[in-house]
1. Please work out which option in (1) 12.0; (2) 8.8; (3) 8.1 gives mean projected area of the Cα convex hull in nm² calculated from these coordinates, and answer with its label.
2. Which cross-chain or sequence-distant (5 or more) residues have an amide H under 5 Å from the amide H of residue 14, H modelled 1.01 Å from N in plane?
3. Could you state the number of Å between the C-alpha centres of region 2-25 and region 66-133?
4. What residues of region 53-69 lie in the reach of a label at residue 17, counting those whose backbone N is under 13 Å from a point 7 Å from the Cα along Cα→Cβ?
5. Rounded if a/c is under 1.5, else prolate if a/b is larger than b/c, else oblate: which is region 17-83, with a ≥ b ≥ c the root eigenvalues of its Cα gyration tensor?
6. With an 8 Å Cα cut-off and a minimum separation of 6 or more residues, compute the relative contact order for the chain in percent.
7. From the phi of every residue in region 85-96, what ³J(HN,Hα) in whole Hz does the Karplus formula 6.51 cos²θ - 1.76 cosθ + 1.60 yield, where θ is phi - 60° and glycine or proline is x?
8. List, in order, the whole-Hz ³J(HN,Hα) value for each residue of region 60-76 obtained from phi through the Karplus relation with A = 6.51, B = -1.76, C = 1.60 and θ = phi - 60°; use x for Gly and Pro.
Amino acid sequence: MLLLPAQSETGERLLFAVPAGAAGLQVQPLTTLDATRRMARVACSAVQLPAEACLAQGAPLDAMLARVQQLGAIALAAEQVGAAQQCLDLALDYTAQRIQFDRPIAGFQAVKHRCGEMLVALEGARSAVYGAA
């Protein structure tokens, strides 16, 4: 089942529940860099649906779609903070293991400052996500 937005002839937004196998519905999978998140291009051409397939319309739908977009942005930002945290953790592990001039590079002031800057940026992003949530 696909939830697809549409627009009426008067410009009002509509939300339809469309069966995945509906005649006239074309779903073309897209190749993306992130193999864990499936994406597709969806096109409809003369899809016939019963009246009860229209789940919402007008102002209530507009408010709901705006809220869903906000929640999606927060979820994506939280995911990005998690990825950034993992990158920082891996970088810190590497600096502790990498030896230069017979000592770990984690002890060098320039490396410490870069790691500190990454931590400050990450904590700012984390705080922004918490505030948005």
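1. Read-out taken from this structure: (1).
2. Counting only residues 5 or more places away or on other chains, the set is 6, 7, 8.
3. Spelled out, the Cα-based centre of one part sits 41 Å from the other.
4. Only 53-56 fall inside the zone, counting backbone N under 13 Å.
5. Oblate is the answer for region 17-83, as a/c is 1.5 or above yet b/c matches or exceeds a/b.
6. 17 percent
7. Per-residue couplings from phi come out as 4, 5, 4, 5, 4, 5, 5, 5, 4, 5, 5, 6 Hz.
8. 3J(HN,Hα) across region 60-76, in whole Hz: x, 5, 4, 5, 5, 5, 5, 5, 4, 5, 5, 5, x, 5, 5, 4, 5.
The values are calculated or read from the model by the stated rules, or taken from the named source; none is laboratory data. Just so you know, these numbers come straight off a predicted model, no measurement behind them. Note: ideal-geometry Cβ built from the backbone for every residue, glycine included; neighbour counts use all protein chains shown. Ligands, DNA and RNA are excluded from the accessible area calculation, which covers all protein heavy atoms including side chains. Shrake-Rupley method; radii C 1.70, N 1.55, O 1.52, S 1.80 Å.
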